[in-house]
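First up is the structure itself, then whatever we jot down about it.
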Amino acid sequence: MTDNDIREIILTGIGVSPGICIGKAYLVDVEGIDIVEKYHISQIHVHSEIKRFKLAVKKAKNELRAIIDNTPDAIKDHADILETHVILLKDKLLYGKIIETIEADLVNAEWALKKVVSSLKAMFLNMSDPYLKERAIDIGHVSDRVLNNLLGTEKVNIASINKRVVLVAADLSPAQTSQIQLERVKGFVTDRGGGTSHTSIIARTLGIPAVSGLDRATKTTCNDDLIIVDGISGKVIIHPSEQNLVAYEERRIQYEMRMAAIDRQSHLDAVTLDGQRFMVMGNIELPEEIVSVLDHGGDGIGLYRTEFQYLGRPDFPCEAELFEKYKDVVEVMAPRPVTIRTLDINGDKALDSPMESVEDNPALGLRAIRYCLRHPDIFKTQLRAILRAAAYGNVRILFPMISSFDEIQEAKAMLNTASEELLQEGILHNRNIEIGIMIEVPSAVILSDMLAEVVDFFSIGTNDLIQFSLAIDRGNRQVAYLFNPLHPAILRMLRQTVEAARAKGKKVFMCGEMAGDPLHIPVLIGLGIQEFSMNPNAIPLAKQTIRSLNVENTLSFLTDILKEKTAQAVMERVQLQFGQDGGYGD
Ligand code: PEP
Ligand code: MG
């Protein structure tokens, strides 16, 4: 087949990070278990096939042992689950049955494994006892490990990619995405995912075009296929026609020129036409990103997602390591504020340790403040590091996922303990910092009048607030179309939160992705949000948008849109009044 015979394929997904790139595809993973081949073996090969299987099991056992041995003490208790996996490897129902199947059916080990595992999993899933039901997950983990050893497949290490490519993956975890090296990866596309998943947020921070929720990108693309990624419209074109190649190259240049022009104005303050200044801050995941915040004219750090320092490693960072990192950020940013959010682990940012138990609903599980209050040592280590760094600049502390009054009281008590300990130990620190909470759970909105009494500020996390209020998994492409920050219910929640804070003289900021969309900014100003925090790349356009607005107008506009009953109607009014060209500049 010649290049001319290859047909252009256009897929449409969700544009999760704006920009256009054109490059060669690089497949990251294709869900190994689905592509197991079946082949028959002759009787004389049965022995060697069984030996191959046994070797794969032995290797899996050694891998598990190594992980158990390297488990940090803080989570040693959870290693039990891996001990179960080691035992399961040799279980008669699994190990014995696979060997029997190779012998009886004269099939390859991979196929025998797949066959036995499917029926075993089905058997456990049909059990009514929830504990036994969950064992199906363990069987899946154990068999995947053995299968990978049989196939010799390993997940591609993203950090080691050494050519300029466009990544194509079934899914990318936030930990994988944060390994992307900008000089290597032009953009990425995934079968799964939605616009406010952490993977998408990282893509926007990196400033690389990305499209998610494509469903069959991995099935349609081969390594080295030419591919166009349009992160603005959500289109992905595989084997583009000459005509599309030229058109998209032209669009890419236009988009980049337009962004460069906006960037050049980024050092100007965000002052509205009627003279009100708004702070436009940056969200960061890693300390290195402060450079990008400053380059893009950020007024400070509105959200430092500290969990990324805990991901992709087998142990927990110690106080000294955390302190050094926080201090670097705080010193460089001083006197600008740095809002350090305490660990928001789990949800879609699971620790890299298999010792953590698998949760059915991780977004609703033991994450963020719940995890920290359950693990006081891990929490206190971080609080001490934050208080110490606070002696070097302007620090605010932010607690995530607060859903009740007692959680904030407990978190504050822990902060006091950390500070008293430091005082007794004679270690330099600063306890006189502003304390805030994320408003990202509906109960926090409902209780906002009470919560406002015990904190200095609120920071609204619309990514989770929308997920929980509208019952939309933020990473699920099937329901991504419902994820609308302008939903009347969300607007009312925002209004309630701002009013509750105002009544107590407290400040309200926003650090969810809603804050970074120029279309939402007039609405948010009308609502009374005082500070915006977003991906560093979004700062210049947000500042420019604010400079084009008049606060008085946004107030009257808000009164009008609060009367609208549907998200669609609100959207249309906002588009009509403040809409732009969608990013292409044409
Ligand atoms: C949010 O939920 O809006 C938020 C800013 O926090 P994260 O995206 O880290 O969950
Ligand atoms: Mg959140």
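The values are calculated or read from the model by the stated rules, or taken from the named source; none is laboratory data. In this text the structure is predicted, and so the values were computed from the model without any measurement. Here the Cβ positions follow ideal geometry from the backbone for every residue, glycine too, while neighbour counts run over all protein chains shown. Heads up: the accessible areas ignore ligands, DNA and RNA and are worked out on the full protein's heavy atoms, side chains in. Shrake-Rupley method; radii C 1.70, N 1.55, O 1.52, S 1.80 Å.
Not counting ligands, DNA or RNA, and with a 1.4 Å probe, what is Val211's accessible surface area in Å² rounded to the nearest 10?
0 Å²
Under the Karplus relation 6.51 cos²θ - 1.76 cosθ + 1.60, θ = phi - 60°, what is the ordered set of whole-Hz ³J(HN,Hα) values for the range 453-467, x standing for Gly and Pro?
5, 10, 10, 8, 7, 10, 10, 7, x, 5, 4, 7, 4, 5, 3
Subtracting the Cα-Cα distance from 0.36 nm times the residue separation, let me have the gained length for Leu151 to Glu256 in nm, one decimal. Intermediate values should be presented prior to the final figure.
Values: separation 105, 0.36 × 105 = 37.80 nm, distance 4.30 nm.
So the chain would gain 33.5 nm between Leu151 and Glu256.
Which FRET efficiency value, to the nearest 0.05, do you get for Ile87 and Ser42 by plugging their Cβ-Cβ distance into 1/(1 + (r/R0)^6) with R0 = 25 Å?
Values: r = 33 Å, r/R0 = 1.34.
It comes out at approximately 0.15.
Quick one: order Glu572, Glu8 from most to least accessible surface, probe 1.4 Å. Don't skip to the answer; put the middle values down first.
On the way: Glu572 105, Glu8 60 Å².
From most exposed to least exposed: Glu572, Glu8.
For the range 98-161, what is the charge dipole size about the Cα centre, in debye to the nearest 20, if Lys and Arg each add +1 at the Cβ and Asp and Glu each add -1 at the Cβ? Mind dumping the intermediate values first?
Values: 7 positive and 9 negative charges, 40 e Å.
It works out to roughly 200 debye.
For the range 450-479 and the range 497-539, what is the centre-to-centre distance using only Cα atoms, to the nearest Å?
What the calculation gives is 13 Å, centre to centre.
Put +1 on the Cβ of each Lys and Arg and -1 on the Cβ of each Asp and Glu in the range 216-295; which of Val280, Ile253, Thr218 then has its Cα farthest toward the positive end of the dipole?
Thr218
If you average the alpha carbon positions of the range 362-386 and of the range 204-228, how far apart do those two centres end up, in angstrom?
So the separation of the two Cα centres works out to 35 Å.
What nm distance separates the two modelled labels at Arg502 and Asn361, each placed 7 Å from Cα along Cα→Cβ?
For Arg502 paired with Asn361, the spin-label model returns 3.4 nm.
Express the carbon and sulfur contribution to the solvent-accessible surface of the chain as a percent, rounded to the nearest whole number, probe 1.4 angstrom.
Working: 13260 of 25750 Å².
The nonpolar share, carbon plus sulfur, comes to 52 percent.
Can you say what percent of the DSSP beta bridges in the chain, counting only those with both residues inside, are antiparallel? Round to 5. If you can, show how the numbers build up before the last one.
On the way: 20 of 61 bridges.
Here the share of antiparallel DSSP bridges comes out near 35 percent.
Please list, ordered by chain and number, the residues whose modelled amide H lies under 5 Å from the amide H of Ile301; skip anything fewer than 5 residues away on the same chain.
Answer set, sorted by chain and number: Gly282, Val338, Thr339.
What's the angle, to the nearest 10 degrees (0 to 90), between helix 405-424's Cα axis and the longest principal axis of the chain?
90 degrees
So if I place +1 on the C-beta of Lys and Arg and -1 on the C-beta of Asp and Glu, and nothing else carries charge, what would the dipole magnitude of the chain be about its Cα centre? I want it in debye, nearest 20. Each step should come with its number before you reach the end.
Values: 64 positive and 80 negative charges, 63 e Å.
In debye, rounded to 20, the chain gives about 300.
With θ set to phi - 60°, apply the Karplus curve 6.51 cos²θ - 1.76 cosθ + 1.60 along the range 304-321 and write out the HN-Hα couplings as whole Hz, x wherever there is a Gly or Pro.
With coefficients 6.51, -1.76 and 1.60, one gets 10, 7, 6, 5, 5, 6, 9, 8, x, 8, x, 10, 9, x, 8, 4, 4, 5 Hz.
About its Cα centre, what dipole magnitude does the range 457-586 give when the only charges are +1 on Lys and Arg Cβ and -1 on Asp and Glu Cβ, stated in debye to the nearest 20?
Values: 13 positive and 12 negative charges, 98 e Å.
The dipole magnitude comes to about 480 debye.
In what sequence, highest mean first, do 367-373, 290-296, 417-423, 396-402 appear when ranked by Cβ atoms within 10 angstrom?
Details: 367-373: 22.3, 290-296: 20.3, 417-423: 16.1, 396-402: 25.6.
Output ranking for 367-373, 290-296, 417-423, 396-402: 396-402, 367-373, 290-296, 417-423.
How would you classify the range 261-413 from its alpha-carbon gyration tensor, with a ≥ b ≥ c the square roots of the eigenvalues: rounded for a/c under 1.5, else prolate if a/b is greater than b/c, otherwise oblate?
On the way: a/c = 1.86, a/b = 1.76, b/c = 1.05.
Since a/c reaches 1.5 and a/b is larger than b/c, the shape of the range 261-413 is classed as prolate.
Which value, in Å² rounded to 10, gives the accessible area of Asp360 with a 1.4 Å probe and all protein chains present?
Ignoring ligands and nucleic acids, Asp360 comes out at about 120 Å².
Provide the gained length on full extension for the span Glu249 to Glu288, in nm with one decimal, where the gain is 0.36 nm per separating residue minus the Cα-Cα distance.
On the way: separation 39, 0.36 × 39 = 14.04 nm, distance 3.07 nm.
Length difference between fully extended and current span is 11.0 nm.
Dipole of the range 438-586 (Lys/Arg Cβ +1, Asp/Glu Cβ -1, origin at the Cα centre): which of Gln544, Ser448, Ala503 lies farthest to the positive side?
Ala503
What number comes out for accessible area per residue over the chain if the probe is 1.4 Å? Units Å², please. Each step should come with its number before you reach the end.
Numbers: 25750 Å² over 586 residues.
Value for the chain: 44 Å² per residue.
Counting Lys +1, Arg +1, Asp -1, Glu -1, what net charge surrounds Val441 among other residues with beta carbon under 13 Å of its beta carbon?
On the way: positive: Arg367, Arg370; negative: Asp344, Glu407, Glu440, Asp464.
Charge balance near Val441 sits at -2.
Using only helices, what value at 222 nm comes out for the chain when you add -39,500 (n - 2.57) per DSSP H run of length 4 or more and divide by the total residues, to the nearest 500 deg cm²/dmol? Walk me through the numbers before you get to the answer.
Numbers: 22 runs with 259 residues, N = 586.
Estimated from H runs of four or more residues: -13500 deg cm²/dmol.
Using the C-alpha atoms of the range 209-316, what convex hull volume per residue, in cubic angstrom, is computed?
Numbers: hull volume 19.2 nm³, N = 108.
Roughly 178 Å³ of hull volume per residue.
Treating only the Cα positions of the chain as identical point scatterers, give the base-10 log of I(q)/I(0) from the Debye formula at each q in 0.11 Å⁻¹.
Taken in order of the listed q values, log10 I(q)/I(0) reads -1.11.
Once you have the Kirkwood Rh of the range 159-262 from its Cα pairs, apply Stokes-Einstein at 37 °C and 0.692 mPa s and quote D in µm²/s. Display every interim value, and only then the final one.
Values: Rh = 14.2 Å.
Value of D from the Cα-based Kirkwood radius: 231 µm²/s.
So what does Lys504 come to for accessible area, using a 1.4 Å probe and Å² rounded to 10?
About 80 Å², ignoring ligands and nucleic acids.
Which sequence of Met450, Met438 reflects their accessible areas, 1.4 Å probe, from the largest down? Don't skip to the answer; put the middle values down first.
On the way: Met450 95, Met438 5 Å².
Accessible-area ranking of Met450, Met438, largest first: Met450, Met438.
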